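Engineer: Following this message is one structure expressed as structure tokens.
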Amino acid sequence: MSKSILLLTPPFTQLNTPYPATAYIKGYLNTMGKSTFQSDLGIRVILRIFSKEGLQEVFEAIGQKDIQSFSPNSRRIYKLREEYIQTISPIIHFLQFENPTLAYNICDGGFLPQASRFEQLDDLEWAFGTMGIQDRARHLATLYLEDLGDLIQELLDPYFGFSRYAERLGRSAVSFDPLHEALESGLSFTDRYLVEELEKEIQAAEPFLICLSVPFPGNLYGALRCGAYIKENYPHIKVAMGGGYPNTELRSLKDPRVFRYLDFITLDDGEKPLTCLLEFLDGERVLEQLKRTFVLKEAQVVYINGAKESDISFSKIGTPDYSGLPLKKYLSVIEIANPMHRLWSDGRWNKLTMAHGCYWKKCTFCDITLDYIKNYEPISAAIICNRIEELIAQTGETGFHFVDEAAPPALMRELAIEILKRKLKISWWTNIRFEERFTFDLCRLLKASGCIAVSGGLEVASDRLLELMQKGVTVAQVARVARNFTDSGIMVHAYLMYGFPTQTAQETIDSLEMVRQLFANEVLQSGFWHLFAMTAHAPIGQDPKVYQVVKTGPEPGLFADNDLSHEDPLGTDHEHFGAGLKKALFNYMHGICLDFPLQEWFDFRVPKTTVPPNFINKVLHEEHPEIYKPSTKVIWIGGDVEYKTYTYRKKGKEKVGHQLYFEHKNASTKVKLEATHASWLMGVLLHLRPLAEAKSMTFQEFEESFNHISGGNWNDFLESATWNALRDEGLLLV
């Protein structure tokens, strides 16, 4: 009997890179010596449909319908079907970086057939006007694909979507009825491709267990469709489901019909539950000793958590293994003119995590009661760099997205030093909290290690509401930290929220003014507004009265339980503000309309802001003297140093001067200094570089070295032009 395991990501997640869950589990199973296969069914289905043969099938199916019933947009696409069929393969190859010269044809306006998605170009022309030809072509190719997606959704499969499939069936589904009806009603147009690709994977792997990773509501229907096919055609294969969706939505599952499609549903970190499940299937463990697993027992849904063993340490889960995934076949698309969203959708990123969980875990809107947030466990910088090197060797890609809830500043510092020690040339980005610990020096160090962007929660941009959120930051603090990142050359994206409990119209407008000033002072480059959502596992959802809101539904059901509806008696009509906030932000991100009155963005009367027009500017120019702690690390990231003397005349006498010359990648500079300082610095700077064999020097040790060798006055040195010049050149205190 086969003992292989097949890990599947159902349709759909991202077009540009695989969702990492199966790669993480495969990496862990490798440490156990298990035979494991994995597949991203989403990208396989997309590449089947969006091919010459696939589009021929699309248009043949549409041709059997009454064209007069089509929308004008769909009629236009259908009439241009031959143009779409002839261009689809070149476009897919272009988005896979296989045919870069096609960009010239795409951009000349006569190559691609165009439908309604291209109408937005009139509004976005200026936003993409400075883009290179490759980027512009990818944006146009993305619109072309979205036109075809609209056609499929209207005429063949109402559930179709590039990054989600039948999402509305999975979102807030307190009842399983809609999903069950859809699954029992036969295969949709997209489903046929899905089960054909699933069949290929089963034939190749011959598994005894198939694990379905379901990170989002938009993967749930696809997962259950896979389960239905497996149960009908391969009843001997066991089917398990895990991932972000069941972890948050299905914790109180009671509907037995779900188990017509599945055998097991595991919660939270999957490594130990899967280990226990494999032992159970091998006859080495009884059912009652499974870990965090739902099963059907005597026609009832039963949650079993009888295993005594603790979870697998985050440091021992192994390196993610992407083998078996078609890494070169993903599509690098550019959907909208948002810098951070572009990172999400453009290019291939290896996904890694610095720390399991969140070190803060206090935000009242966040699911801090769940394991993936509350169980914080960092790993060492050495282990992270080992995994980086393994993934580069495995994938050939040097881009990394650290998918932490909030990357810890101290660990980021150690990781940056380790990256520099190993002389790794990578690009990376992550999510942060706007901690005061992100000093300008730390940001410079992160930049030197390859950090290109960070995203963090500014949320409501109101100190009263930030305190109510227990966010642990102030608007002024966010502004200073964002400035530190920006001045270091690291892009900053802010998550923005409106509609938080008790938020007034005045606070909403004041938040927008804060955001306007942050962009006007050029410390933010990207942002996104989203409406507050109350969830069952967040402090607000668990005790709404404390936050002066009223839970209005839904009534408890037998299936999902997460998203909650609520009323906010003390707040404003929050949804009323959404369009105006987003329109303003879109313009601010492109550096225009920053001087417009805030009323300009709304078609109803809004209050005037109470925020002083220079609030952020004043915050950024406040004096904050540096405090050097003895344990602070001293790092040199500057260029090569050469010591030279020179002669000059002063009051008729010949004098000898001393200079240090610094060579950088794009410039050379020199610093004048005293002779005793010069000889000391020449020796000490070599030891301050992040080298594999070097031990970091603390500020206290740095001072002791100065006093021992230089013989000068330490405090005078810290106030000297030499010190300031060294700091500019790359002497960092982190």
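The values are calculated or read from the model by the stated rules, or taken from the named source; none is laboratory data. Since the structure is predicted, the reported quantities are computational estimates derived from the model, not experimental observations. Here the Cβ is made from the backbone with ideal geometry for all residues, glycine too, and neighbour counts use every protein chain on show. Quick note on the areas: whole protein, heavy atoms, side chains included, nothing else; ligands and nucleic acids left out. Shrake-Rupley method; radii C 1.70, N 1.55, O 1.52, S 1.80 Å.
Engineer: Since E232 meets every condition but one in (1) among the charged types (D, E, K, R); (2) at pLDDT 95 or above; (3) farther than 23 Å from L281 by Cβ, which condition does it not meet?
Structural biologist: (3)
Engineer: Among (1) assigned to a helix (DSSP H, G or I); (2) open to solvent by less than 20 Å² (accessible area, probe 1.4 Å); (3) at pLDDT below 95, which single condition is A560 missing?
Structural biologist: It fails just one condition, (1).
Engineer: Here is a follow-up. Here's a check for you: in segment 691-706, which residue that is of a type in the set (D, E) and surrounded by fewer than 16 Cβ atoms within 10 Å (Cβ to Cβ) is farthest from V734 (Cα to Cα)?
Structural biologist: Once the filter is applied, the top-ranked residue is E693.
Engineer: So, one more: Quickly run through segment 272-297 and pick out the residues that are assigned to a helix (DSSP H, G or I) and open to solvent by 20 Å² or more (accessible area, probe 1.4 Å).
Structural biologist: K272, E279, F280, L281, L287, E288, Q289
Engineer: Restricting attention to segment 60-102, which residues are polar (S, T, N, Q), touching a helix residue (DSSP H, G or I) at 6+ places or on another chain (Cβ under 7 Å) and free of Cβ contacts under 8 Å to residues at least 24 places away in the same chain?
Structural biologist: Residues of segment 60-102 polar (S, T, N, Q): 64, 68-69, 71, 73-74, 86-87, 89, 96, 99, 101.
Next cut, touching a helix residue (DSSP H, G or I) at 6+ places or on another chain (Cβ under 7 Å) only: 71, 73-74, 89, 96, 99.
Within segment 60-102, N99 is the sole residue that qualifies.
Engineer: Kindly list the number of the only condition in (1) open to solvent by 20 Å² or more (accessible area, probe 1.4 Å); (2) closer than 29 Å to G324 by Cβ that fails for E414.
Structural biologist: (2)
Engineer: Within segment 606-630, can you find the residues that are in contact with a helix residue (DSSP H, G or I) (Cβ under 7 Å, 6 or more places away or on another chain) and either open to solvent by 90 Å² or more (accessible area, probe 1.4 Å) or in a loop (DSSP other than H, G, I, E, B) (or both)?
Structural biologist: V606, P607, T609, T610, V611, Y628, K629, P630 - these are the residues of segment 606-630 that are in contact with a helix residue (DSSP H, G or I) (Cβ under 7 Å, 6 or more places away or on another chain) and either open to solvent by 90 Å² or more (accessible area, probe 1.4 Å) or in a loop (DSSP other than H, G, I, E, B) (or both).
Engineer: Looking at segment 687-709, is at least one residue in contact (Cβ under 8 Å) with a residue 24 or more places away in the chain, assigned to a strand (DSSP E or B) and under 27 Å from N484 (Cα atoms)?
Structural biologist: Within segment 687-709 (the criterion being in contact (Cβ under 8 Å) with a residue 24 or more places away in the chain, assigned to a strand (DSSP E or B) and under 27 Å from N484 (Cα atoms)), the answer is yes, since at least one residue qualifies.
Engineer: Looking at the structure I just gave you, is S323 farther than 25 Å from T9 by Cα, open to solvent by 40 Å² or more (accessible area, probe 1.4 Å), over 19 Å from the mean Cα position of the chain (by Cα) and not aromatic (F, W, Y)?
Structural biologist: On the way: farther than 25 Å from T9 by Cα: no; open to solvent by 40 Å² or more (accessible area, probe 1.4 Å): yes; over 19 Å from the mean Cα position of the chain (by Cα): yes; not aromatic (F, W, Y): yes.
In short, no.
Engineer: Has segment 461-478 got any residue that is open to solvent by 10 Å² or more (accessible area, probe 1.4 Å), within 28 Å of F602 (Cα to Cα) and in a loop (DSSP other than H, G, I, E, B)?
Structural biologist: Yes: segment 461-478 contains one or more residues that are open to solvent by 10 Å² or more (accessible area, probe 1.4 Å), within 28 Å of F602 (Cα to Cα) and in a loop (DSSP other than H, G, I, E, B).
Engineer: If E567 satisfies all but one of (1) more than 15 Å from D510 (Cα to Cα); (2) surrounded by 16 or more Cβ atoms within 10 Å (Cβ to Cβ), what's the number of the condition it fails?
Structural biologist: (2)
Engineer: So the check is Cβ under 9 Å with 6+ separation or different chains; which pairs have a first residue in segment 644-664 that's open to solvent by less than 70 Å² (accessible area, probe 1.4 Å) and a second one that's part of a loop (DSSP other than H, G, I, E, B) and at pLDDT 85 or above?
Structural biologist: F662/G638; F662/G730; H664/G638; H664/G730
Engineer: Starting from residues that are outside any helix (DSSP H, G or I) and touching a residue at least 60 places away in the same chain (Cβ under 8 Å), keep the ones in segment 432-451 and report whichever is most open to solvent (accessible area, probe 1.4 Å).
Structural biologist: Filtering segment 432-451 for residues that are outside any helix (DSSP H, G or I) and touching a residue at least 60 places away in the same chain (Cβ under 8 Å), the one most open to solvent (accessible area, probe 1.4 Å) comes out as T439.
Engineer: For residues in segment 360-407 being open to solvent by 60 Å² or more (accessible area, probe 1.4 Å) and part of a helix (DSSP H, G or I), which is farthest from P320 (Cα to Cα)?
Structural biologist: Looking at residues that are open to solvent by 60 Å² or more (accessible area, probe 1.4 Å) and part of a helix (DSSP H, G or I), I get K374.
Let's see how each residue does on (1) farther than 30 Å from Q503 by Cα; (2) not aliphatic (A, V, I, L, M):
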site	(1), (2)
T395	yes, yes
F402	yes, yes
E405	no, yes
P408	no, yes
R413	yes, yes
E436	no, yes
A448	yes, no
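Engineer: Continuing with the same structure: Determine whether E522 is in contact with a helix residue (DSSP H, G or I) (Cβ under 8 Å, 6 or more places away or on another chain) and open to solvent by 50 Å² or more (accessible area, probe 1.4 Å).
Structural biologist: The answer is yes for E522.
Engineer: Being surrounded by fewer than 21 Cβ atoms within 10 Å (Cβ to Cβ) and under 31 Å from the mean Cα position of the chain (by Cα) is the filter here, so list the residues in segment 254-270 that pass it.
Structural biologist: D268
Engineer: Restrict the check to segment 260-269 and report whether at least one residue is at pLDDT 95 or above, in contact with an Asp or Glu (Cβ under 8 Å, 6 or more places away or on another chain) and at positive phi.
Structural biologist: Checked segment 260-269: at least one residue is at pLDDT 95 or above, in contact with an Asp or Glu (Cβ under 8 Å, 6 or more places away or on another chain) and at positive phi.
Engineer: Is it the case that segment 17-25 has a residue that's more than 29 Å from K316 (Cα to Cα), surrounded by 15 or more Cβ atoms within 10 Å (Cβ to Cβ) and in contact (Cβ under 8 Å) with a residue 12 or more places away in the chain?
Structural biologist: Within segment 17-25 (the criterion being more than 29 Å from K316 (Cα to Cα), surrounded by 15 or more Cβ atoms within 10 Å (Cβ to Cβ) and in contact (Cβ under 8 Å) with a residue 12 or more places away in the chain), the answer is no, since none of the residues qualifies.
Engineer: Need the failing condition index for L198 against (1) surrounded by 21 or more Cβ atoms within 10 Å (Cβ to Cβ); (2) under 30 Å from C107 (Cα atoms); (3) modelled with pLDDT of 90 or more, just the number.
Structural biologist: Status for L198: all satisfied but (2).
Engineer: Next question. Residue check: is P215 farther than 26 Å from A61 by Cβ, under 31 Å from the mean Cα position of the chain (by Cα) and surrounded by fewer than 24 Cβ atoms within 10 Å (Cβ to Cβ)?
Structural biologist: Values: farther than 26 Å from A61 by Cβ: yes; under 31 Å from the mean Cα position of the chain (by Cα): yes; surrounded by fewer than 24 Cβ atoms within 10 Å (Cβ to Cβ): yes.
So P215 fits the description; yes.
Engineer: Next question, about the same structure. Tell me which residues, restricted to segment 177-208, are among the hydroxyl-bearing types (S, T, Y) and farther than 18 Å from Y261 by Cβ. Write out each step before concluding.
Structural biologist: Step one: filter segment 177-208 for residues among the hydroxyl-bearing types (S, T, Y), giving 185, 188, 190, 193.
Of everything in segment 177-208, just one residue is among the hydroxyl-bearing types (S, T, Y) and farther than 18 Å from Y261 by Cβ, namely Y193.
Engineer: Moving to a separate point now. Pick from A166, A141: which is buried (at least 22 other Cβ atoms within 10 Å of the Cβ), closer than 28 Å to F216 by Cα and modelled with pLDDT under 90?
Structural biologist: Selected residue: A166, the only one of A166, A141 that is buried (at least 22 other Cβ atoms within 10 Å of the Cβ), closer than 28 Å to F216 by Cα and modelled with pLDDT under 90.
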